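Report on the structure given below.
The values are calculated or read from the model by the stated rules, or taken from the named source; none is laboratory data. Treat the numbers as computed from the prediction; the structure is a model and nothing was measured. Positions of Cβ are generated from backbone atoms using ideal geometry, with glycine treated the same way; all protein chains shown enter the neighbour counts. Areas reflect the complete protein model, heavy atoms only, side chains present, ligands, DNA and RNA absent. Shrake-Rupley method; radii C 1.70, N 1.55, O 1.52, S 1.80 Å.
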Amino acid sequence: MARPRRYMIFFAVFVLLIVAYICLWGGHTGPTSPKLSVVFIGMTNNPIRTMTPTRLAVCQGATGRCAMFMVSNISSNQYIWFNTVSVEQKTETGWQQFIPSSGSWFGLEGGEWSPGYGCLVAVGRPPGLSTNASWRLQVRYGREPSSLGIRLNKMIGQKLFPPGLFPLHRGEGEAVVQSSEVKE
């Protein structure tokens, strides 16, 4: 009777090790190429969220004149999350951090973006920025759990494999990329 129990424990440990390996596979081993691309496309007025023919996402509170960015997960095998860290304004001395005058401004953010996925995102002009100023976004990204981890999370309805479970979590991120320059 003791033997079957020992085999069950061994099997459970083996399965847990395999799941951990799958979730951590492709871990950070050093400098890598960026996994997120944020490219300024142009300006638009009062964008409306659409799903087809090309998906257009609209950042919370984005109304009036908005910058359109093509945001893409350019990795070949990793799900990623991302969020805006800061806005920068171009000055005579170079790029300087700009703090929007209103706390209700929202930049880019997203989660569980699959490899190769991308869409257009409309971002409202940061309040307080002069109309002729050139600006760009600093966007942090990081790795989500593997596709298996994400599927398991959805199946059980809880975050069994949260981003914070891994060394590179949402608070820390993997890297920061700059968007291309917004010129009006």
- [ ] Considering each residue of segment 45-60, count those that are touching a residue at least 24 places away in the same chain (Cβ under 8 Å) and either farther than 12 Å from Val123 by Cα or open to solvent by less than 70 Å² (accessible area, probe 1.4 Å) (or both), and give that number.
- [x] 7
Open item on the list: Which pairs turn up if I take residues in segment 70-99 that are small (Gly, Ala, Ser) and look for partners that are surrounded by fewer than 19 Cβ atoms within 10 Å (Cβ to Cβ) and in a loop (DSSP other than H, G, I, E, B) with beta carbon separation below 6 Å, at least 6 apart in sequence or on another chain?
Closed with: Ser75/Pro115; Ser76/Pro115
Open item on the list: With the requirement that a residue be surrounded by 14 or more Cβ atoms within 10 Å (Cβ to Cβ) and either outside any strand (DSSP E or B) or in contact with a Phe, Trp or Tyr (Cβ under 6 Å, 6 or more places away or on another chain) (or both), what does segment 100-113 give you?
Closed with: Pro100, Trp105, Phe106, Gly107, Leu108, Gly110, Gly111, Glu112
Open item on the list: Among the residues that make up segment 149-162, is at least one of them open to solvent by less than 60 Å² (accessible area, probe 1.4 Å) and modelled with pLDDT of 90 or more?
Closed with: no
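Conditions (1) within 18 Å of Val87 (Cβ to Cβ); (2) at pLDDT 90 or above, marked per residue:
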residue	(1), (2)
Tyr21	no, no
Val39	yes, yes
Asn45	no, yes
Thr50	no, yes
Pro53	no, no
Leu56	no, yes
Task: segment 76-99, subset touching a strand residue (DSSP E or B) at 6+ places or on another chain (Cβ under 8 Å), farther than 25 Å from Gly128 by Cβ and in a loop (DSSP other than H, G, I, E, B), residue least open to solvent (accessible area, probe 1.4 Å) - done: Gln78
- [ ] Would you check which residues across segment 96-129 are farther than 27 Å from Pro53 by Cβ and either more than 23 Å from the chain's Cα centre (by Cα) or not aromatic (Phe, Trp, Tyr) (or both) and list them?
- [x] Gln96, Gln97, Ile99, Pro100, Ser101, Ser102, Gly103, Ser104, Pro126, Pro127, Gly128, Leu129
